[in-house]
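Take a look at the structure below.
Every read-out reported here was derived from the displayed coordinates using simple, explicitly stated rules and does not represent laboratory data. Everything numeric in this text was worked out from a predicted model, so none of it was measured. Glycine gets a Cβ as well: all are built from the backbone with ideal geometry, and neighbour counts include every protein chain shown.
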Amino acid sequence: MSGVDPERWEVVIGLEVHAELSTRTKLFSSATAEFGGEPNTHIDPLTLGLPGSLPVLNARAVELAVRVGLALGCTVQRSVFARKNYFYPDQPKNYQISQYDLPINVDGSLELPSGQVVGIERAHLEEDTGKSTHIGGGGRIHEARHSLVDLNRAGVPLLEIVGRPDLRSADEARAYVAELRAVLVAVGASDGKMEEGSLRVDCNVSVRPRGSAELGTRCEIKNINSLRSLGRAIDAEAARQVALVEAGERVVQETRHWDEDDGRTHTLRSKEEADDYRYFPDPDLVEVDCDPVWVEEVRASLPLLPAARRARLVERSGASRPHAAIVCERNLDDLCLAALDAGADPERVVNHAVHNLADERAVGLDPAAFAALVAMEVDGTLTATQAKTVLAELVAAGGGDPAELAAAHGFEAMDTSELEGLVDGLIAEHPEEWQRYVEGDPRIAGFFVGRVMKATQGKADGRVVTALLDARRG
Amino acid sequence: MSDRPERISAEEVDAVARLAMLALTEDQVERFAHQLADVLDHAADIEALDLDGVEPMARPVRVVNVLRPDEPGPALDRDEVLGQAPAAEDGQFRVPPVLGGAP
């Protein structure tokens with residue numbers, strides 16, 4: 001897809017995800033952290049970096065950071081806030097308060113639906129910057145005549161989650177971000193909305209000849225606003241780097257800007273020039289050292305996480321990993337488990353959840369009704385097609401009696417003797433096709449079943465018809 | 001102190017000044033090179049002490065976990081704030097182009 005030959009090249013990806021934490025106020029001041037609003041209305045002296053203003057840490061931000069850290073299996077440690085010094089108009093203090101050598105969470109991991117485990121190096125607290133709008137030059141940062149700055153977002157708490165370079169493709173990178181988002185939402189730390197910028201992804205990409213153990217020179221890609229952009233940006237950047245190396249040139253370590261319109265990355269700034277942030281501990285803030293008893297209380301309060309929910313469903317229902325992932329993503333695992341508790345057939349339950357319950361209202365379906373429907377399917381009262389119709393009605397109504405709904409449609413089990421007559425008639429009418437069926441020609445198998453379905457307007461159960469045919473083949 | 005060898009070059013002072021967005025005269029560069037060297041000398045004096053087993057500390061007393069509840073407070077008046085900015089437009093601070101100005 002990207003033009004990179006996977007036989008020859010390996011793409012190495014590490015992601016830094018910035019998640020806005022769902023607090024009411026900013027990380028170090030009481031200005032509202034609400035998204036949007038009229039520009040420059042969520043501001044106070046600290047947000048503006050006014051002389052004399054002092055930061056005081058938001059307790060809820062610490063709690064949410066710890067929730068995420070524990071959900072990612074991190075160690076929660078003593079942490080220190082540091083100043084990251086650089087000049088940019090969306091950050092009036094001329095430094096960003098972040099955590100540097102002592103981040104609050106270290107050494108975790110994230111298990112993806114595929115079973116792949118991706119290392120998490122750290123997840124630290126820092127403040128967000130304001131928002132710049134570039135005027136002129138079609139909004140492009142390089143050609144702007146001037147910029148407008150809105151500081152509503154400046155100071156909103158962020159958790160920067162730094163993943164290890166364990167990802168090897170755009171698909172894996174997307175799966176990682178989707179899973180991380182699910183965890184953030186599950187623990188109540190973030191709304192996970194990429195389109196509102198609550199979740200932002202910076203992407204480090206390098207390439208190396210397949211089989212090489214050494215990492216290539218990496219570039220960091222910014223301005224990725226969706227999972228789709230993430231995949232496109234990785235493919236484009238990997239192709240650019242491979243083309244450079246194959247042409248005998250070298251990749252320069254730099255920050256690059258993803259341009260959604262032309263589908264390419266562009267140089268933003270070179271690393272050696274700008275990245276001397278002169279970090280030092282912020283003298284206005286004291287260290288954070290969480291009480292281990294409190295940390296354990298937080299751990300105990302975490303909900304069941306997506307990976308554990310998938311594992312539970314696989315164990316209880318025998319669902320495949322991909323099916324379990326779909327069911328849990330739709331939040332239908334509790335429904336399925338309750339239906340299983342009511343005695344429903346696991347395979348059919350999962351199949352319905354995967355194929356026939358994409359409707360968001362399915363979460364509210366009465367598990368007893370669901371189980372009763374599956375039972376009617378198992379005992380042959382309803383065909384698969386009829387069950388699907390009744391299920392859709394149960395979902396729309398949130399529940400009901402599947403037997404009544406089936407009766408209202410005139411769905412009832414076909415009398416087997418009636419079906420036998422139909423099957424015998426068809427065999428008599430189509431001796432050539434029957435001969436091929438008897439000889440085991442796979443292309444003819446659907447012929448008889450299809451005819452029976454047509455004659456019964458879909459009321460016949462395909463499995464019963466197949467059984468009748470097989471009995472006659474002898 | 002001044003008889004110790006100079007440990008900061010004019011280029012290093014220039015680099016630090018650039019990062020801090022300061023325009024220095026030649027005289028200043030020379031003066032600051034000496035002053036910065038003195039600061040490093042002072043740090044070297046401390047480094048010479050035997051501090052094995054002494055925990056590094058960022059401040060003289062150990063204070064941890066100074067936190068505030070997540071309760072919103074008042075906002076500043078936007079018009080008053082923007083009225084003090086060098087330039088404003090559409091309720092926002094108007095600033096020179098962020099990139100592309102420098103060669």
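The lysine pair count for the protein assembly as shown, using Cα distances under 28 Å and pairs eight or more places apart or on different chains, is 21.
Rounded to a whole number, what is D in µm²/s for chain A from Stokes-Einstein with the Kirkwood radius over alpha-carbon pairs (37 °C, 0.692 mPa s)? My calculation gives 124 µm²/s for D.
Compared with the dominant Cα axis of chain A, that is its longest principal axis, helix A:59-71 is turned about 50°.
With contacts taken as Cα pairs under 8 Å and at least 6 residues apart, region A:416-473 reaches a relative contact order of 40 percent.
Taking Cα atoms only, the orientation of helix B:10-19 departs from the longest principal axis of chain B by about 20 degrees. Between B:ALA15 and A:ARG264, the simple label model (points 7 Å from Cα in the Cβ direction) yields a spacing of 3.3 nm.
Each listed q (0.09, 0.10, 0.16, 0.24 Å⁻¹) maps to a log10 I(q)/I(0) for region A:306-408, found by the Debye formula over equal Cα scatterers with no solvent: -0.18, -0.23, -0.59, -1.29.
What's the center-to-center distance, using Cα atoms, between region A:408-460 and region A:1-43 in Å? Spelled out, the Cα-based centre of one part sits 58 Å from the other.
If you take the Cα centroid of region A:102-175 and the Cα centroid of region A:223-240, the two points sit 14 Å apart. Across chain A, Cα pairs under 8 Å and at least six residues apart give a relative contact order of 14 percent. Helix A:170-186 and the longest principal axis of the C-alpha atoms of chain A enclose an angle of approximately 80°. Net charge of the neighbourhood of A:LEU148, taken over other residues with C-beta under 14 Å away and scored Lys/Arg +1, Asp/Glu -1, is 0.
I want to make sure I understand the PRE zone here: with the label point 7 angstrom from the Cα of B:GLU47 toward its beta carbon, which residues in region B:8-36 have backbone N atoms less than 14 Å away? Correct set: B:8.
Under 12 Å from the Cβ of A:VAL4, count the other residues' Cβ atoms, weight Lys and Arg +1, Asp and Glu -1, and hand me the total. It would help to have the intermediate numbers written out before the result.
Numbers: positive: A:ARG8, A:ARG168, A:ARG208, A:ARG210, A:ARG240; negative: A:ASP5, A:GLU7, A:GLU10, A:ASP235, A:GLU237, A:GLU246.
Taking every other residue near A:VAL4 into account, the sum is -1.
A:ASN331 to B:VAL54: FRET efficiency via 1/(1 + (r/R0)^6), r the Cβ-Cβ distance, R0 56 Å, to the nearest 0.05? Approximately 0.55, to the nearest 0.05. As a rough footprinting exposure proxy, the listed residues A:ARG443, B:ARG18, A:ARG256 were ranked by other beta carbons within 10 Å of their own, and the order from fewest upward is A:ARG443, B:ARG18, A:ARG256.
Normalising by the residue count of region A:300-440, find the relative contact order in percent from Cα pairs under 8 Å and 6+ residues apart.
17 percent.
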